[in-house]
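Some notes on the structure that comes next.
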Amino acid sequence: MQIPVESWYQAIFLRRSRRSFIDRLPEEEKLERLEKVCREFRPFEGARAEFLRNSPEKVFKGIVGAYGKITGAPYYVAFIGSSGSPNVEEGIGYTGEGVILEATALGLGTCWVSGFFRPEAVKEHIALADHERVYAVTPIGYTQKGFSVKEKIYEGAARSLKKKPLEEIVEGTVPEPWQAKAIEAARIAPSASNRQPWRFVVRENSITVRLNSPKDSDKYPKRLDCGIAMLHIELGALAAGKKGSWTPLSGPNVARFDLI
Ligand SMILES: Cc1cc2nc3c(=O)[nH]c(=O)nc-3n(C[C@H](O)[C@H](O)[C@H](O)COP(=O)(O)O)c2cc1C
């Protein structure tokens, strides 16, 4: 599927994590559009998104604690990866963020949730192969315009308004205009607990995404967050009229974007 650059790039600046949904069903054509994007936007082997016309109530139900409580969403999307595939975590981040930005462009609310959800409940809605795992989910639905009081409390818990300044996340040479645009788009990408575990290494005609430290966790893989930032980098570059391609890297380096 070709990336709809204009609408996804604009959606980067509109998207915020939303956790309280209202009692209004999204229109059928919006659901069909999301189903199509889930089916067709599969740039990484072993990573896919599935739109589920099921209530995610049980998926989120019973979760204690402020961070992660999602209420009232009519539908959800599951982000599923094949554990044997190389680069599956960054693949899930990149692929899933495409779906999140599409939903945002359609005026719907979303929230990446990788920690506080029940994979067993997702398995009641969709059959998974033995080697597959649900890495994360997002609720899908309408939200009220402003943030509810409850959402503001969760926002505080996740410190989500604060994005790191460029000095903390960029290394290397002075960016060219396309690189500045790409990095600004990546700087505001969502990440688990808003930890922003990335560094962007700028070289002539390239940007490398690197982990901020080698320490990582199975439950909240930093490479998944980095996959989200990768899509934002590419959208920033495309919005500046520059095409590129990704080379997967290993160790603390996640991937390098080179101009074509
Ligand atoms: C991979 C990933 C996992 C996340 N998991 C959760 C979660 O379990 N519960 C939750 O409430 N928010 C979760 N979030 C949302 C983050 O807290 C949120 O993206 C961050 O605070 C930045 O806020 P923003 O999305 O409004 O920019 C997750 C985000 C990402 C990218």
Requested in this report: Kindly indicate whether TYR94 is over 22 Å from GLY236 (Cα atoms), within 16 Å of the ligand (Cβ to nearest atom) and hydroxyl-bearing (Ser, Thr, Tyr).
Outcome: no
Query - Condition met for TYR135 (within 16 Å of the ligand (Cβ to nearest atom), of a type in the set (Ser, Thr, Tyr) and either touching a strand residue (DSSP E or B) at 6+ places or on another chain (Cβ under 6 Å) or on the phi < 0 side of the Ramachandran plot (or both)) - result: yes
Report summary line: Among (1) within 14 Å of the ligand (Cβ to nearest atom); (2) modelled with pLDDT of 90 or more; (3) in contact with a strand residue (DSSP E or B) (Cβ under 6 Å, 6 or more places away or on another chain), SER148 falls short only on (2)
Requested in this report: Give the residue that is farthest from the ligand (Cβ to nearest atom), with candidates limited to residues of region 183-208 that are of a type in the set (D, E, K, R) and in contact with a Lys or Arg (Cβ under 6 Å, 6 or more places away or on another chain).
Outcome: ARG199
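Each row is one residue, and each column tells you yes or no for (1) at pLDDT 95 or above; (2) within 14 Å of the chain's Cα centre (by Cα).
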{"residue": "ARG33", "(1), (2)": "yes, no"}
{"residue": "LYS36", "(1), (2)": "yes, no"}
{"residue": "LYS58", "(1), (2)": "no, no"}
{"residue": "VAL77", "(1), (2)": "yes, yes"}
Query raised in the report: Limited to region 209-235, what total is found for residues that are closer than 13 Å to ILE183 by Cβ and within 16 Å of the ligand (Cβ to nearest atom)?
Result: 6
Requested in this report: Could you give me the residue pairs with C-beta distances under 9 Å whose first residue belongs to region 44-61 and is without any contact (Cβ under 8 Å) to a residue 40 or more places away in the chain, whose second residue is acidic (Asp, Glu) wherever it lies, and which are 6+ apart or on separate chains?
Outcome: ARG53/GLU35
Report task. Return the total of residues in region 7-52 being out of contact with any Leu (no Cβ under 6 Å at 6 or more places or on another chain) and aromatic (Phe, Trp, Tyr). Result -> 4
Report task. Quick one: GLU102 ticks every box in (1) in a loop (DSSP other than H, G, I, E, B); (2) away from the ligand (no atom under 13 Å from the Cβ) except a single one, so which number is it? Result -> (1)
Report task. Can you give me the ranges of the strands (runs of 3 or more DSSP E) entirely in region 111-219 with at least 2 residues that are farther than 20 Å from ASN253 by Cβ and assigned by TED's automatic domain parsing to the domain that holds ILE92? Result -> 132-140
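The values are calculated or read from the model by the stated rules, or taken from the named source; none is laboratory data. From a predicted model like this one, the values you see are computed outputs, not experimental measurements. Backbone-built Cβ (ideal geometry, glycine too); neighbour counts: all protein chains shown.
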